[in-house]
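Engineer: Structure incoming, see below.
The values are calculated or read from the model by the stated rules, or taken from the named source; none is laboratory data. The structure displayed is predicted, hence computed values, not measured ones. Cβ placement follows ideal geometry from the backbone for every residue including glycine, while neighbour counts extend to all protein chains displayed. For accessibility, only protein heavy atoms count, side chains too; no ligands or nucleic acids. Shrake-Rupley method; radii C 1.70, N 1.55, O 1.52, S 1.80 Å.
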Amino acid sequence: MNKALIPLAFAATLGLAACGQKAQDETAGAANTLSADANATMAKAASDVDAAADKAFGAAENSMDKVGNVATDARKKAGAAAKDVGNEIED
């Protein structure tokens, strides 16, 4: 009787092994999907950070240009005022 159960046990083992492989394949597929989603999310986050940094640096550059322009204008006005004072002294 025990010998009769051996083929049945073998068949059951093969069935479980096949079921286990299917579960493993599905788990691996789910893990790959999660990994791809995580990679896409990280790529998007990196792109967003780069865009924000570019925008911030662009704004800082524009501010520095404005400061430079104001300083140049102030220097020109101061020079013109000094020249006017000089002209007034001569007259």
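Engineer: Does the range 68-79 include one or more residues that are in a helix (DSSP H, G or I), modelled with pLDDT under 80 and not aromatic (Phe, Trp, Tyr)?
Structural biologist: No, the range 68-79 has no match at all.
Engineer: Just wondering, is there one or more residues in the range 19-31 that are open to solvent by less than 100 Å² (accessible area, probe 1.4 Å), at pLDDT below 70 and of a type in the set (A, V, I, L, M, F, W, C)?
Structural biologist: Residues of the range 19-31 that are open to solvent by less than 100 Å² (accessible area, probe 1.4 Å), as a first pass: 19-21, 23, 25, 27-31.
Okay, now just the ones that are also at pLDDT below 70, so 19-20.
Keeping just the survivors that are of a type in the set (A, V, I, L, M, F, W, C) gives 19.
Yes, the range 19-31 has at least one match.
Engineer: Given the condition modelled with pLDDT under 90, outside any helix (DSSP H, G or I) and out of contact with any helix residue (DSSP H, G or I) (no Cβ under 8 Å at 6 or more places or on another chain), answer yes or no: does some residue in the range 80-91 qualify?
Structural biologist: yes
Engineer: Can you tell me how many residues in the range 70-86 are among the hydrophobic types (A, V, I, L, M, F, W, C) and open to solvent by 90 Å² or more (accessible area, probe 1.4 Å)? It would help to see each step written out before you state the result.
Structural biologist: Narrowing the range 70-86 to residues among the hydrophobic types (A, V, I, L, M, F, W, C): 70-71, 74, 78, 80-82, 85.
Next cut, open to solvent by 90 Å² or more (accessible area, probe 1.4 Å) only: 70.
Residues flagged as among the hydrophobic types (A, V, I, L, M, F, W, C) and open to solvent by 90 Å² or more (accessible area, probe 1.4 Å) within the range 70-86 amount to 1.
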